[in-house]
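Novice: Mind looking over this structure? Questions follow.
The values are calculated or read from the model by the stated rules, or taken from the named source; none is laboratory data. Small disclaimer: the values here were computed from a predicted structure and weren't measured. So basically every Cβ, Gly included, is an ideal-geometry build from the backbone, and we count neighbours across all protein chains shown. Please note that ligands, DNA and RNA were not included when accessible areas were found on the heavy atoms of the full protein model with its side chains. Shrake-Rupley method; radii C 1.70, N 1.55, O 1.52, S 1.80 Å.
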Amino acid sequence: MIYHYCSETVFRQIIENKIIWLSDITNMNDEGEYRDGFKIIRDILSEYPDVDEKTTTKMSPDNINNTFKVLIACFSQRGDILSQWRAYADDGKGFSIGFDLEMVKQHNMFNRYLEKMEPITSKIDFISVSYELSIFEKEVHQLIKSYKNSKSPIRFKLLARALMYMAIRYKDNFFTEEQEIRGFIAPEDAIKGDDFKIEVRECNYGKTHYHQLKTSFNDIHAIKEIIIGPKSKYNVDDIRSLLKCHGLSSVTVNVSNGTGKYR
């Protein structure tokens, strides 16, 4: 189970539409998203003079939305964390929505297949965020060595994409408590088969790309649990009634352990 914290307004939108938005990583409230991981990888790449210099350029954040995109949605492994309530759920007045991760992946594939009526070659990925710098650096070194010793004529192109995925994974250990699971897609213009429907909208940070991640397929829903925020004005019966109105009567509803304690 993975959990998405949100305000009441967003909660109602997700419950009604069964959709999570994957949004442009460059237009997040944390300016270090992707860039922090890239800087570490760039410094490590400088230790490998035999690796094509274009590898760094291809995965540079300066190329996001020019040659490739990175769209993410943030979840947590835990559904009842004080810092998450404060940061993402209207200071505890919102909700935490629990999703079955495998069902989300499957539904995304099925829905996109029906939209195109032809085989789907790309998929959404889910990764655990890496907060430990030393472990992250070790993994980057191992990845670079595995590709530079390859005989493939496109090994450095493949390395650039693999390192791009690594940069998406990294976050400073200050945020360790979040235990973040990151859902993402990284379509490239030059790669056919990256067949996600990408749209554009206005947000607080200007124009941003997004993909609507459908979490239901027909009447099969990936939403499995709702946790009511510790400062929410709603009770379990309120939420069960709302869920039933939107075809989610089998979803478990719980109340945060901080209810009555969080001031």
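Novice: Please work out the C-alpha center-to-center distance from the stretch 248-263 to the stretch 132-191 and express it in whole Å.
Specialist: Centre-to-centre (Cα) distance: 36 Å.
Novice: Further question on the same structure: Solvent-accessible area per residue for the stretch 51-135 at a 1.4 Å probe radius, Å²?
Specialist: 48 Å²
Novice: Using only the alpha carbons, work out the radius of gyration and Dmax of the chain in angstrom.
Specialist: When restricted to the Cα atoms of the chain, Rg and Dmax are 19.8, 63 Å.
Novice: What percent does the relative contact order of the chain come to when contacts are Cα pairs within less than 8 Å and at least six residues apart?
Specialist: The value is 31 percent.
Novice: How much of the accessible area of the chain, probe 1.4 Å, is carbon plus sulfur, in whole percent?
Specialist: Solvent-exposed carbon and sulfur of the chain make up 48 percent of the total.
Novice: Choose one of V51, G98, S216: the residue whose Cα lies farthest towards the positive end of the charge dipole of the chain (beta-carbon charges +1 Lys, Arg; -1 Asp, Glu; about the Cα centre).
Specialist: S216
Novice: If you count, for each residue, the other Cβ atoms within 10 Å and average over each peptide, how do 1-12, 48-59 line up from highest to lowest?
Specialist: 1-12, 48-59
Novice: What is the magnitude of the charge dipole of the chain about its Cα centre, with +1 placed on the Cβ of each Lys and Arg, -1 on the Cβ of each Asp and Glu, and no other charges, expressed in debye to the nearest 20?
Specialist: Dipole magnitude for the chain comes out near 340 debye.
Novice: Would you mind classifying the stretch 79-164 by shape? Square roots of the alpha carbon gyration tensor eigenvalues, ordered a ≥ b ≥ c; an a/c under 1.5 is rounded, otherwise it is prolate if a/b is larger than b/c and oblate if not.
Specialist: Numbers: a/c = 3.78, a/b = 1.30, b/c = 2.91.
In terms of gyration-tensor shape, oblate.
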